[in-house]
Amino acid sequence: MLAKLRALRSELAMVSAAGRNPFGVTFDSILSATEAILDGKRVLLLGTNNYLGLTFDQDCIDSAVTATMAHGTGTTGSRIANGTYGGHAALEQRLARFLGRRHAMVFTTGYQANLGTLSALAGRGDHLLLDADSHASIYDGAKLGNAQVTRFRHNDPDDLRRRLRLLADQPGEKLIVLEGIYSMLGDTAPLREMVEVKREASAWLLVDEAHSLGVLGAHGRGLAEADGVEADVDFVVGTFSKSLGAIGGFCAFDLDDFGALRVAARAYMFTASLPPSIVASVIQAIEAMEAQPQLRDSLRRNGQHLHAGLAAAGFVLGAMPSPIVSLPMPDRETAIRFWNQLLDAGVYTNLALGPATPGGRPLLRMSVSAALTPEQIDTAIAVITRTGQLLGLATAGLAAAE
Amino acid sequence: MPDEELVLREITGALEELGKGTVPVTMETSLLHDLSLDSVTALDFVMQLETRLDIIIPMDGMAEIETIGDLVGVLTRGTGKAD
């Protein structure tokens with residue numbers, strides 16, 4: 001049965017041979033939003049997507065505990081078959097209010113939000129236009145539906161325009177799918193230009209704000225808010241597992257006649273709904289996100305701090321400063337050694353390998369949190385620079401040393 | 001829809017751009033085994049050919065592409081204005 005996985009198995013063995021299995025890191029315990037214990041040693045967490053640092057927020061924890069005591073540990077079924085709890089409806093209303101949308105639909109994970117939304121919105125005879133660097137959940141959502149899928153060059157409005165022109169004579173709705181911040185390199189979509197293309201083609205636009213919710217925009221509503229084009233975005237998809245520190249996903253929109261979506265989206269129907277604890281902590285995290293805009297300022301400062309420190313050390317960086325800082329690696333072996341040596345030195349980052357990365361290029365990916373202190377970031381920069389110099393990657397540091 | 005001769009010419013040109021112009025290409029050449037194009041690189045390669053030929057290949061048609069011959073077949077059925 002597992003014979004077909006032989007090639008993957010040998011690749012995994014190769015990746016793990018230099019030290020640890022990068023896809024099987026098991027922490028002994030998590031101390032805070034920024035530190036954990038791994039193999040008995042304290043490590044700095046620089047690869048969590050815990051953008052606002054809310055995983056240990058006392059109010060979120062208290063809400064989760066209270067909800068568990070009041071409503072139990074789980075819902076034991078789907079909302080379609082086993083009923084909606086008051087908390088699910090309250091979360092959808094709270095989220096819609098936060099996003100300034102008329103409605104929101106909550107899913108059990110962010111992955112399922114894309115799976116359910118894309119497959120239900122774009123049906124047979126419709127067209128999905130996906131950015132080439134889209135997250136796997138977008139590709140899988142497209143595969144689950146019956147729409148014709150067209151891929152366009154990453155962040156290239158002209159290529160999207162050209163493809164929409166070629167599809168102009170074809171019947172069916174056209175839905176363009178973009179991401180606010182792309183997870184691997186931390187770059188943002190050129191949303192204003194994309195909106196122009198969308199208008200020209202009378203297409204629909206869905207923006208996945210998974211990595212930009214709570215991060216971009218004056219109120220944290222994401223890239224569409226930051227770029228002032230929320231009115232042109234028809235569907236906002238996102239997750240509760242990053243800025244909001246829990247798990248779950250959503251789709252929000254202004255269409256009133258959407259009830260059928262709940263019985264069309266298979267990823268919504270055929271899975272258990274979020275447990276009361278998560279629903280309560282997410283509602284509380286939305287409150288925290290609204291009440292504490294300074295978290296976003298800290299996050300931005302921390303992203304700039306890490307980016308500037310690594311650039312000064314001579315690293316080639318993947319994108320403009322954002323909470324995601326990625327270092328493109330010359331080859332897979334160097335990426336694996338770098339990742340292992342950083343972990344040995346007490347800094348946990350993400351090793352990202354093809355085909356999950358743009359162009360299949362290996363990356364050392366980091367994400368900052370508002371909860372990181374400047375001293376922690378300085379420590380990280382020093383460790384990454386020292387390790388990078390040994391591998392010949394931090395050229396400014398080497399030049400200075402010579 | 002583009003004809004086979006045009007498609008083959010563009011495939012050769014695109015492979016040269018990728019630095020794979022030295023590999024002799026026939027209809028039986030495997031994208032994965034002979035040209036070392038993994039699933040994502042192959043998708044990007046098809047996207048490059050779509051631009052060259054000004055056509056569109058739906059993604060569900062790409063799963064069947066294993067050889068240059070398969071690729072030629074899919075590209076000649078593409079939606080677009082190339083002739």
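What 222 nm value per residue comes from the helices of the protein assembly as shown, counting each DSSP H run with n ≥ 4 as -39,500 (n - 2.57) and dividing by all residues, nearest 500 deg cm²/dmol?
Per the formula, -13000 deg cm²/dmol.
Between chains A and B, what is the buried accessible area in Å², counting both sides, with a 1.4 Å probe and ligands, DNA and RNA left out, to the nearest 100?
For A against B, buried area totals roughly 1500 Å².
Distance from the Cα centre of region A:1-73 to that of region A:175-237, in angstrom?
Going from one Cα centre to the other spans 29 Å.
With the cut-off at 11 Å, report for region A:270-314 the share of all Cα pairs above it, as a whole percent. The partial results should precede the final answer.
Working: 725 of 990 pairs.
Tail of the P(r) past 11 Å holds 73 percent of the pairs.
Using the alpha-carbon centroid of each, what span in Å lies between region A:377-396 and region A:333-375?
12 Å
May I ask for the percentage of alpha-carbon pairs in chain A that lie more than 32 Å from each other?
Result: 38 percent of Cα pairs exceed 32 Å.
Could you work out Rg/(2.2 N^0.38 Å) for chain B, with Rg from alpha carbons only?
0.97
Taking Cα centroids, how far is region B:23-83 from region A:262-277 in Å?
38 Å
Using +1 on the beta carbon of Lys and Arg, -1 on that of Asp and Glu, and nothing else charged, what's the dipole of the protein assembly as shown about the Cα centre, debye to 20?
The calculation lands at about 1020 debye.
Region B:48-71: which residues show an accessible-area loss of 50 Å² or more, assembly versus chain alone, 1.4 Å probe?
When all protein chains are present, B:Thr51, B:Asp54, B:Ile56, B:Met59 each give up 50 Å² or more of accessible surface.
Short version: what are the Cα gyration tensor semi-axes of region A:66-183, square root of 5 times each eigenvalue, largest first, in whole Å? Write down the numbers at each step before the final one.
Numbers: eigenvalues 230, 47, 35 Å².
Over the Cα atoms of region A:66-183, the semi-axes work out to 34, 15, 13 Å.
Quickly work out the A:Ser16-to-A:Ala264 label distance, labels modelled 7 Å from Cα along the C-beta direction, and quote it in nm with one decimal.
So the two model labels end up 4.3 nm from each other.
Taking the convex hull of the Cα atoms, report for region A:57-291 its projected area averaged over all directions, in nm². All intermediate terms of the calculation are to be shown ahead of the outcome.
Details: hull surface 47.5 nm².
Over all viewing directions, region A:57-291 projects a mean Cα-hull area of 11.9 nm².
Just need the relative contact order of region A:290-402 here, percent rounded to a whole number, with Cα pairs under 8 Å and 6+ apart. Intermediate results must be reported in sequence, preceding the final value.
On the way: 161 pairs, mean separation 36.1, N = 113.
Dividing the mean separation by the residue count of region A:290-402 yields 32 percent.
Quantify, in whole percent, the carbon and sulfur part of the accessible surface of the protein assembly as shown (1.4 Å probe; protein heavy atoms only).
54 percent
Determine the per residue accessible area of the protein assembly as shown with all protein chains present and a 1.4 angstrom probe, expressed in square angstrom. Can you show the working numbers first?
Values: 20880 Å² over 485 residues.
Per-residue accessible area for the protein assembly as shown comes out at 43 Å².
Mind putting a number on the dipole of region A:57-291 about its Cα centre? Charges go on the C-beta only, +1 for Lys and Arg and -1 for Asp and Glu, and I need it in Debye to the nearest 20.
Computed about the Cα centre, the dipole is about 680 debye.
Enumerate the lysines that A:Lys143 could reach by cross-link, defined here as Cα to Cα under 17 Å, with residues fewer than 8 away along the same chain left out.
A:Lys174
Run the numbers on region A:130-168: which residues show a drop of 30 Å² or more in accessible area, chain on its own versus all protein chains together, using a 1.4 Å probe over heavy atoms?
A:Gln148, A:Val149, A:Arg151, A:Arg153, A:Arg162, A:Arg163, A:Arg165, A:Leu166
Pairs of alpha-carbon atoms within less than 8 angstrom and 6+ residues apart define the contacts here; what relative contact order does region A:57-291 have, in percent?
31 percent
With an 8 Å cut-off on Cα pairs and a minimum separation of 6 or more residues, tell me the relative contact order of chain A in percent.
Computed value for chain A: 22 percent relative contact order.
Check the straight Cα-Cα distances from A:Lys41 and name the aspartates and glutamates below 14 Å, setting aside those fewer than 8 residues away within the same chain.
Of all the aspartates and glutamates, those that pass the test against A:Lys41 - Cα under 14 Å, at least 8 places apart if same chain - are A:Asp28, A:Asp344.
The values are calculated or read from the model by the stated rules, or taken from the named source; none is laboratory data. Computed from a predicted model, the values in this text were never measured in an experiment. Neighbour counts run over all protein chains shown; Cβ positions are idealised from the backbone, glycine included. Areas reflect the complete protein model, heavy atoms only, side chains present, ligands, DNA and RNA absent. Shrake-Rupley method; radii C 1.70, N 1.55, O 1.52, S 1.80 Å.
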